[in-house]
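Have a look at the structure below, then the notes.
The values are calculated or read from the model by the stated rules, or taken from the named source; none is laboratory data. Note that the coordinates shown come from a computational prediction; the quantities given were computed from them, not determined experimentally. Neighbour counts are summed over all protein chains in view; Cβ atoms, including those assigned to glycine, are modelled from backbone coordinates with ideal geometry.
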Ligand SMILES: [Mn+2]
């Protein structure tokens, strides 16, 4: 017997479409909207409460299942999970643990009991209409089959037009960073190619020239987006690169030649965080009308974020990240956000989820500020920062 691969055939192993499980993972219920008016569904029995009471959704928020629900509810922001796995990435519990209030939001009251952030003075839950949009479907053995499904769901959210002339903003909680490709591609489907700038927080450049032949891995979504012409390098600003697994000098030079601007932790060491943050904020304002935030939690130092797949010491402190997120979301037209690579089961405590939620909350806080017109650079509520002196 002669092995056909040795005779020059492509070494492809075909899937079996007759397997009853072939499409089972992505079959949508037909009665999603049956017997009810469209609109967000508040699944909580009480008007508000402590975090240890109620049904766990993201921050105890109402649920929406269809674009009609988003439209009817004039929903500003829809948070969805995307538990993308593949390659070295097994399931991470990121999205589900972000719904779980156990310890990570022990004092955060919800609903009508929600309290304001002490930097803006606003309770975002009252200023914005935000929902939990559930999760994208996942084919547990194939990134390639899952990616188009994520793209469809993100596009479904971003395509909803609101009466105020805006569109619903998807926030995607992951899941592997290969998500950057379907998340951004979906936004490009809605807003047009090369219309949206990206600020990319990460310990790693995610611009790997190789992925064993795979276009989509957790290590190269930036390259995949550029390769396929979704955007130009000059729309990309990267913050937080460090360590021996991020990139190398030739790849940095190649990225620079492609127009990508990067701010490494070495630059932070040389110039200080304040100066680097101001530069990054200025650069994203210049690059496009709309902004997408791609936030890999490993940009944060492992002291504050041990629960991630590829931790790298020497990262941003949580106190540096939170104002940055608030400012980005207050001072720019954000059309999408992803918070990825969260891996709570690598954290014996609850620090990682608590901090990832703080990042997400500051983004929502910033969006609430923008809705209120509080967009002056670095705005803080005067009473909160000055007791009269
Ligand atoms: Mn990373």
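Kindly provide the set of residues from the stretch 209-234 that are away from the ligand (no atom under 16 Å from the Cβ) and in contact with a helix residue (DSSP H, G or I) (Cβ under 7 Å, 6 or more places away or on another chain), ordered by number.
Selection gives 209, 215, 226, 230, 231, 233, 234.
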Practice item. Quick one: which residue in 210, 146 is surrounded by 24 or more Cβ atoms within 10 Å (Cβ to Cβ) and more than 14 Å from the chain's Cα centre (by Cα)? Key: 146
**Study point:** Count - residues of the stretch 305-330 that are in contact with a helix residue (DSSP H, G or I) (Cβ under 7 Å, 6 or more places away or on another chain) and closer than 29 Å to residue 374 by Cα
**Key:** 12
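Listed here are the residues, each with its yes/no results for (1) under 23 Å from residue 218 (Cβ atoms); (2) crowded, with 21+ Cβ neighbours inside 10 Å; (3) touching a strand residue (DSSP E or B) at 6+ places or on another chain (Cβ under 6 Å); (4) modelled with pLDDT under 95.
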residue	(1), (2), (3), (4)
264	yes, no, yes, no
275	no, no, no, no
298	yes, yes, yes, no
319	no, no, no, no
Check your understanding: Of the residues 167, 156, which is within 23 Å of residue 360 (Cβ to Cβ), surrounded by fewer than 24 Cβ atoms within 10 Å (Cβ to Cβ) and in contact with a strand residue (DSSP E or B) (Cβ under 8 Å, 6 or more places away or on another chain)?
Key -> 167
Check your understanding: Taking the stated definitions as given, is residue 200 part of a strand (DSSP E or B), within 23 Å of residue 313 (Cβ to Cβ), at pLDDT 95 or above and within 15 Å of the ligand (Cβ to nearest atom)?
Key -> yes
Study note, to complete from the structure: Scanning the stretch 241-262 for residues that are closer than 30 Å to residue 190 by Cβ and in contact with a strand residue (DSSP E or B) (Cβ under 7 Å, 6 or more places away or on another chain), the one surrounded by the fewest Cβ atoms within 10 Å (Cβ to Cβ) turns out to be 261
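In the set 158, 136, 178, which member is under 12 Å from the mean Cα position of the chain (by Cα), within 23 Å of residue 297 (Cβ to Cβ) and touching a residue at least 12 places away in the same chain (Cβ under 8 Å)?
Only one candidate passes the filter, namely 178.
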Practice item. Go through (1) more than 18 Å from the chain's Cα centre (by Cα); (2) crowded, with 17+ Cβ neighbours inside 10 Å; (3) under 20 Å from residue 293 (Cβ atoms) one by one and return the number of the condition residue 234 breaks. Key: (2)
Revision key, fill the gap. Residue 378 fails exactly one of (1) away from the ligand (no atom under 16 Å from the Cβ); (2) touching a residue at least 60 places away in the same chain (Cβ under 8 Å), namely (2)
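Quick check: anything in the stretch 359-367 within 16 Å of the ligand (Cβ to nearest atom) and assigned to a helix (DSSP H, G or I)?
yes
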Check your understanding: Applying the selection to the stretch 161-175, what residues are over 15 Å from the mean Cα position of the chain (by Cα) and in contact (Cβ under 8 Å) with a residue 40 or more places away in the chain?
Key -> 161, 162, 163, 164, 166, 167
Check your understanding: Any chance the stretch 119-131 includes a residue that's within 17 Å of the chain's Cα centre (by Cα) and crowded, with 21+ Cβ neighbours inside 10 Å?
Key -> yes
Revision key, fill the gap. Filtering the stretch 254-278 for residues that are touching a helix residue (DSSP H, G or I) at 6+ places or on another chain (Cβ under 7 Å) and more than 17 Å from residue 201 (Cβ to Cβ) leaves a count of 2
Exercise for review: Output the residues belonging to the stretch 74-84 that are crowded, with 21+ Cβ neighbours inside 10 Å and in a loop (DSSP other than H, G, I, E, B).
Suggested key: 75, 76, 83, 84
Practice item. Among the residues of the stretch 203-230, write down those that are in contact with a strand residue (DSSP E or B) (Cβ under 8 Å, 6 or more places away or on another chain), modelled with pLDDT of 90 or more and part of a loop (DSSP other than H, G, I, E, B). Key: 203, 204, 205, 206
